[in-house]
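Single-structure report; data block below.
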Amino acid sequence: MDEKKVKILNVSKDKNGGIPCVIKNLLKFFNDSSVIYLSDSSDINVLKQYLYLKGKFKKNFKLYQLFHFHGAWTLHFLLLNQKLKKPVLVSPHGALDKTSLNKSKLKKLVAKFLFMKKAYLNADCIHALTVKEANDIKDFGIINIPIAIIPNGIDLKEEITINAVLKQKLKNIVNNRKLILSLSRLDSSKGINILIDAFERLHKADTNCVLFIVGDGSFKYTNSLKKLIISKSLQDNVYLLGKMEGDDKSTVFDMADIFISPSFNEGFGLTVIEAYRQKTPVIASTATPFEKIEELQCGWYIEPNTEEILIALQSALKLSSVELNTMGEIGYDWVEKNYSMEIINNKMDNLYRWMLSGKNKPDFII
């Protein structure tokens, strides 16, 4: 097979969220590959969406050498209710984490025994982002199937552009204060509540800081955060900015003095390396696999609780801009050496080729 001529069909739930970003990067490198989504059908009926997907998958079956399924729990995994005649790779993307499994626990238990476990067992290889995720996969009951451990990567060659209008608007809000940024899906598992609690205590001693919370979630949870901010009288210091992508997301990373991921549950934590791409130092929870942050002294690696978040924020705010910039530079170098898209996609390329040929088994497969 020629370089970059491995033909992969990616199959996923929908076009929103972190998984489509991962698929987008795969398609850049494997330029003979493609993707189909369960939500490609405009019909809101999930069963009809599945039937649409099944027809499209069948139509494309002969065109591709290997199928790469992403995620869990949704009906696109019914396509794996039997062994396919071509290799199948499955990437859970953190879906089998114990915290994730406890959310909608009964529904997931039913789905596990109806089709999900069987679908995973029909794969030829499972892709884990971390050693921890590999253990989660085994604990789910997926045994005697190879597991490839490959983290997510980031395209450091992609040009970063800034929304100048948005930047000026946000600068007016910041008003020369230190900017703390959190960016994630708004969900109880992401630790946003305890971040606000910690910020309240921080703000009582240091008013020269502001917290931007970027992301979207359910109306109920988002509304609960708004009420929490009001109850603590933090409306002029904590801002829910909604979902941001592209130039807007690059803009808030560019402005931030400190990025924080206080999550209880992360399959990987792509936002951490996105922050380092823009040389912003990071406070990351132990739910992410980035303990190296502490060793390299390019940020803080903490347990996701109010006290540790507060201590890390206090420590960060004591540093000068020069010291924070130095930490960001160290973080960028670390990401470049370990998580650049070239490094990660070369590993994926080796994995795909091994699955197709059975030759040259990569050393990251366990």
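Details
- Condition met for Asn223 (in contact (Cβ under 8 Å) with a residue 24 or more places away in the chain and exposed (fewer than 14 other Cβ atoms within 10 Å of the Cβ)): no
- Residue identified as of a type in the set (A, V, I, L, M), farther than 30 Å from Thr288 by Cβ and surrounded by 20 or more Cβ atoms within 10 Å (Cβ to Cβ) among Leu38, Leu53, Leu66, Leu78: Leu53
- Residues of the range 196-213 satisfying the condition of being in a strand (DSSP E or B), touching a residue at least 40 places away in the same chain (Cβ under 8 Å) and touching a Ser or Thr at 6+ places or on another chain (Cβ under 8 Å): Phe212
- Search result, residues across the range 75-100 that are at pLDDT below 95 and among the small types (Gly, Ala, Ser): Gly94, Ala95, Ser100
- The range 245-266 - residue that is within 30 Å of Asn102 (Cβ to Cβ) and among the charged types (D, E, K, R) and, of those, surrounded by the fewest Cβ atoms within 10 Å (Cβ to Cβ): Glu245
- Subset of the range 57-82 (residues that are over 26 Å from Leu101 (Cα atoms) and touching a helix residue (DSSP H, G or I) at 6+ places or on another chain (Cβ under 7 Å)): Phe57, Gln65, Leu66
- Applying the set (1) under 14 Å from the mean Cα position of the chain (by Cα); (2) not in a loop (DSSP other than H, G, I, E, B) to Thr288 leaves exactly one unmet item: (2).
Quick grid of which residues meet (1) of a type in the set (A, V, I, L, M); (2) part of a helix (DSSP H, G or I); (3) touching a helix residue (DSSP H, G or I) at 6+ places or on another chain (Cβ under 7 Å):
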| residue | (1), (2), (3) |
| --- | --- |
| Val272 | yes, yes, no |
| Ile311 | yes, yes, no |
| Leu319 | yes, no, no |
| Trp334 | no, yes, yes |
| Ile344 | yes, yes, no |
| Asp349 | no, yes, no |
| Met355 | yes, yes, no |
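- Conditions (1) at pLDDT 95 or above; (2) in the same structural domain as Ile19 (by TED's automatic domain parsing); (3) part of a helix (DSSP H, G or I); number of the one not met by Ala123: (3)
- Meets criteria (of a type in the set (D, E, K, R), assigned to a helix (DSSP H, G or I) and under 26 Å from Lys190 (Cα atoms)) for Lys108: yes
- Scanning the range 226-239 for residues that are buried (at least 17 other Cβ atoms within 10 Å of the Cβ) and among the aliphatic types (A, V, I, L, M) returns Ile229, Leu234, Val238.
- Yes/no for Asn237 being over 19 Å from the mean Cα position of the chain (by Cα) and without any contact (Cβ under 8 Å) to a residue 12 or more places away in the chain: no
- Count of the range 85-105 residues, restricted to those that are crowded, with 16+ Cβ neighbours inside 10 Å and assigned to a loop (DSSP other than H, G, I, E, B), is 7.
- Qualifying residue in the range 289-302 (condition: at pLDDT below 95, surrounded by 18 or more Cβ atoms within 10 Å (Cβ to Cβ) and either not assigned by TED's automatic domain parsing to the domain that holds Val131 or not hydroxyl-bearing (Ser, Thr, Tyr) (or both)): yes
- Qualifying residue in the range 146-163 (condition: surrounded by fewer than 18 Cβ atoms within 10 Å (Cβ to Cβ), assigned by TED's automatic domain parsing to the domain that holds Pro87 and free of Cβ contacts under 8 Å to residues at least 24 places away in the same chain): no
- Test: residue in the range 25-46 that is over 26 Å from Leu114 (Cβ atoms) and among the aliphatic types (A, V, I, L, M): yes
The values are calculated or read from the model by the stated rules, or taken from the named source; none is laboratory data. The structure presented is a predicted model; accordingly, all values stated were derived computationally and were not measured. All Cβ positions, glycine included, derive from the backbone under ideal geometry; neighbour counts span all protein chains shown.
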